[in-house]
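K.L.:
Below are the structure tokens for one structure; questions will follow.
The values are calculated or read from the model by the stated rules, or taken from the named source; none is laboratory data. No experiment lies behind these values; they were computed from the predicted model shown. Neighbour counts are summed over all protein chains in view; Cβ atoms, including those assigned to glycine, are modelled from backbone coordinates with ideal geometry. Accessible surface areas use protein heavy atoms only, side chains included; no ligands, DNA or RNA. Shrake-Rupley method; radii C 1.70, N 1.55, O 1.52, S 1.80 Å.
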Amino acid sequence: MGKNMALTTVCIVLFLLCVSPLPAQEGTLSFSIGIVPLDARLDTLTEMVGTVAERYGNQMFLDESEQALLATEWEKQAQIQQNKKLSKAYNSHDQEKIQQILDEGLPERPIIPRALSVTYQGEQFNSDLAIALQASDDALAWFCSKNGYDALLLLDSEELAGFQRVRIHYYHPLLAEKRTLIDSLVQNAYYQVLEEPFGKALFALSSKGNLGVLSLTNIPPGLSISIDGKPKDLVDTNLILTPGPHSLALHAPGYQPVEVEVESKADVIQPIQFSFEEVSYPPIVLHSENAKIHWFLEGKPLGEHLSISLSDPTYPMVLSLHGDGFSQKVVHLNSPPPKALSITLNVKELAYPSLRDDAQKDFYKGLRNTILWFGTYIGCTVLSQMYAPDNPLWQVGLVGTSSLALVSSMAMAVDFLSYESMAAAGI
């Protein structure tokens, strides 16, 4: 049953190959590789292969024979395209168009570069497709053409005496046969053990002796690097270099700079470890010129002090200073300052000028209310002696007005002191 299904699938694929001509492969800007699992259990392996491939196989170097094959394929496809145009012109009896096509001839052949940038795309498992791709190289060529791939990484596995035999093949339509990159045994789907050997095999395949890799280990955070005197962006811990000697200069905050000569070897991923020594800086004293303030170092509070002492500082350093009545200040120290550093904070200004005006208005309102309540108290006292002096309601009025006058005078005093402090600060 399975064999008949496989033969049926292969026949369908071959039919599609016959009716779907291959598009011209330009191969001038990029090289696209599809990652195709041929087993339903290989989702994790597909993901791992994609990650490692992008790290160690982001360039595909072409040897002379591969460049020649690509050039021949381009010429073949260009001729096919010209024949199609001629056939269409013949069918329409357009002699002028026919002559124009013949005069134009084939377009100029593009320059096949020495190295191509590579992109990878993982495919979902499909059982019928897997059967077809395993049965026929023609099916592989059709799949590359249909999906626009220049090559494929084929992932396969089988049970073998309690182990899982994992194989990773590289297929290119213009090569004579598939190339095996990995053929190993794993247990419990532990594919991590295949990362290093697969990375080395793929790097050797794509580099073809043109590059070597230095894999940096135990590097400090914030590392910057220069290679042969030129700054290099460190995307990950791998340095991909041409074979031969190179001068590296490494700098990391808080560590002594390191300069070293290294040797890159073709098609080899070699780990390299550097010894970084921490920089030790002398103690410093930081002093506030204004008053006791709250100190923060890298966001961590150091307390409220007039001065602080840092016995073991590191750079770069970020200090934040907060104080009542003063604007927040942030101080960046990229290198050691003098042993004592004085810092002045600016007086805080109100967020809006109208708030200052409101503070003044509140003070004068309080003064007016205090005068009114005292005037009312005096009026009640005079009237209580002139009209019905024996009436007990005058006592209630006198107590009430005197209490309100006293409370209003105390509130006015508080507002006056607050306004005076703002005025003294220049607000």
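K.L.:
If I ask for residues that are among the polar types (S, T, N, Q) and exposed (fewer than 11 other Cβ atoms within 10 Å of the Cβ), which ones from segment 382-399 would you list? Full working, then the answer.
P.N.:
Step one: of segment 382-399, the residues among the polar types (S, T, N, Q) are 384-385, 391, 395.
Across segment 382-399, the qualifying residue is only Gln385.
K.L.:
Go through segment 124-182 and count every residue that is in contact with a Lys or Arg (Cβ under 7 Å, 6 or more places away or on another chain), more than 24 Å from Phe203 (Cβ to Cβ) and crowded, with 16+ Cβ neighbours inside 10 Å.
P.N.:
Summing the residues that are in contact with a Lys or Arg (Cβ under 7 Å, 6 or more places away or on another chain), more than 24 Å from Phe203 (Cβ to Cβ) and crowded, with 16+ Cβ neighbours inside 10 Å in segment 124-182 gives 0.
K.L.:
Could I ask something else about it? Regarding segment 131-154, can at least one residue be identified that is more than 22 Å from Leu174 (Cα to Cα), out of contact with any strand residue (DSSP E or B) (no Cβ under 7 Å at 6 or more places or on another chain) and of a type outside the set (Val, Ile, Thr)?
P.N.:
no
K.L.:
Hey, another quick one. If you go through segment 254-302 one residue at a time, how many are open to solvent by 70 Å² or more (accessible area, probe 1.4 Å) and either farther than 30 Å from Ser207 by Cα or touching a Lys or Arg at 6+ places or on another chain (Cβ under 8 Å) (or both)?
P.N.:
13
K.L.:
Have a look at Thr344, Thr381, Thr370, Thr314 and point out the one that is modelled with pLDDT under 80 and β-branched (Val, Ile, Thr).
P.N.:
Values: Thr344 fails: modelled with pLDDT under 80; Thr381 fails: modelled with pLDDT under 80; Thr370 fails: modelled with pLDDT under 80.
Sole residue among the options that is modelled with pLDDT under 80 and β-branched (Val, Ile, Thr): Thr314.
K.L.:
Moving to a separate point now. Only residues that are surrounded by 13 or more Cβ atoms within 10 Å (Cβ to Cβ), more than 52 Å from the chain's Cα centre (by Cα) and of a type in the set (A, V, I, L, M): list them for segment 76-111, please.
P.N.:
Across segment 76-111, the qualifying residues are Ala89, Ile98.
K.L.:
Sort out for me the helices (runs of 4 or more DSSP H) sitting completely within segment 31-138 that have 1 or more residues that are in contact with a Leu (Cβ under 8 Å, 6 or more places away or on another chain) and β-branched (Val, Ile, Thr).
P.N.:
Numbers: elements: 43-56, 64-91, 95-104, 127-135.
The helices (runs of 4 or more DSSP H) meeting that bar are 43-56, 95-104.
K.L.:
Checking the conditions here, which among Ser418, Ser402 is at pLDDT 80 or above and surrounded by 12 or more Cβ atoms within 10 Å (Cβ to Cβ)?
P.N.:
Just one listed residue meets the conditions, Ser402.
K.L.:
Moving on. Inspect all residues belonging to segment 209-218 and state whether any of them is closer than 13 Å to Phe276 by Cα and either touching a helix residue (DSSP H, G or I) at 6+ places or on another chain (Cβ under 6 Å) or surrounded by fewer than 14 Cβ atoms within 10 Å (Cβ to Cβ) (or both).
P.N.:
Checked against the condition, which is being closer than 13 Å to Phe276 by Cα and either touching a helix residue (DSSP H, G or I) at 6+ places or on another chain (Cβ under 6 Å) or surrounded by fewer than 14 Cβ atoms within 10 Å (Cβ to Cβ) (or both), segment 209-218 yields at least one hit.
K.L.:
OK, next. Being modelled with pLDDT of 90 or more and surrounded by fewer than 17 Cβ atoms within 10 Å (Cβ to Cβ) is the requirement here; does Val235 meet it?
P.N.:
When the stated conditions are applied, Val235 does not pass them.
K.L.:
Let me ask something else. Quick one: would you say Asp43 is open to solvent by 60 Å² or more (accessible area, probe 1.4 Å), of a type outside the set (Gly, Ala, Ser) and modelled with pLDDT of 90 or more?
P.N.:
Judged against the criteria, Asp43 is a match.
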